[in-house]
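As structure tokens, the structure follows; a few thoughts come after it.
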């Protein structure tokens with residue numbers, strides 16, 4: 001929507017062009033507006049489009065159908081499910097179709113129930129990621145598993161590696177023929193024993209996986 005100040009600037013530019021001999025139609029065309037729009041802006045008429053009365057679509061849900069959607073979403077069977085699961089389950093199990101998935105979402109959004117319904121947990125704000133200041137070796141390690149290709153298509157070896165963040169030293173590394181929590185525990189425990197840091201604070205960082 002064009003602001004009032006932009007409309008006033010457009011009217012001023014067109015008036016200046018007309019004063020120099022330009023035709024109204026040509027001046028309006030340069031700004032991409034019609035002559036009727038220019039005259040309306042020149043009169044200072046307000047834009048009433050947001051208040052315009054628009055006809056209700058013929059396929060719009062009735063108040064009774066909207067209430068039925070809410071009752072379905074509030075029922076114990078569907079209270080914790082999203083519309084993407086409610087609509088197909090109703091159709092498959094009961095042969096009932098009340099509204100589309102998008103209509104369910106619109107109705108829930110209008111009643112403030114889209115993000116937290118039934119047993120679903122309310123969203124919790126996420127804080128900043130935890131930061132660590134490393135000032136010595138064996139204070140913070142980073143570990144990861146890398147897939148190594150083999151001659152057999154679809155089969156891999158798995159390289160387990162732990163790197164000390166401060167010194168960039170490879171604390172431990174080993175290749176296994178399968179990925180498992182047992183292998184992770186073995187590599188980490190062996191590295192802790194070798195570096196002698198059992199009784200001192202140690203942060204183990206992993207990008208996408210949790211340490212065992």
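The numbers here are math on the coordinates, done by the rules we state, and not lab data. Because the structure is a prediction, the values reported are computed rather than measured. Glycine gets a Cβ as well: all are built from the backbone with ideal geometry, and neighbour counts include every protein chain shown.
Would you calculate a helix-derived [θ] at 222 nm for the chain, using -39,500 (n - 2.57) for each DSSP H run of n ≥ 4 and dividing by the full residue count, to the nearest 500?
Working: 7 runs with 82 residues, N = 212.
When only DSSP H runs of four or more count, the value is -12000 deg cm²/dmol.
Defining a contact as two alpha carbons under 8 Å apart and six or more residues distant in sequence, what relative contact order in percent does the chain show? Don't skip to the end; give the middle numbers.
Working: 187 pairs, mean separation 23.5, N = 212.
Relative contact order comes out at 11 percent.
Taking Cα atoms, how many degrees apart are the long axis of helix 83-94 and the longest axis of the chain, rounded to 10 and kept between 0 and 90?
The two axes meet at around 90 degrees.
Report the label-to-label distance for residue 178 and residue 8 in nanometres (one decimal), using points 7 Å from each Cα along the Cα→Cβ vector.
7.7 nm
Using Cβ contacts closer than 10 Å as the measure, can you line up 124, 106 from fewest to most? Before the final figure, lay out the partial values.
Values: 124 6, 106 17.
With the sparsest Cβ surroundings first, the list reads 124, 106.
Label residue 148 and residue 200 with points 7 Å out from Cα along Cα→Cβ: what is the distance between them in nm?
3.0 nm
On a 0 to 90 degree scale, rounded to 10, what angle separates helix 181-195 from the longest Cα axis of the chain?
60 degrees
Relative to the longest principal axis of the chain, what angle (0 to 90°, nearest 10) does the C-alpha long axis of helix 101-110 take?
With both axes taken from Cα atoms, the answer is about 80 degrees.
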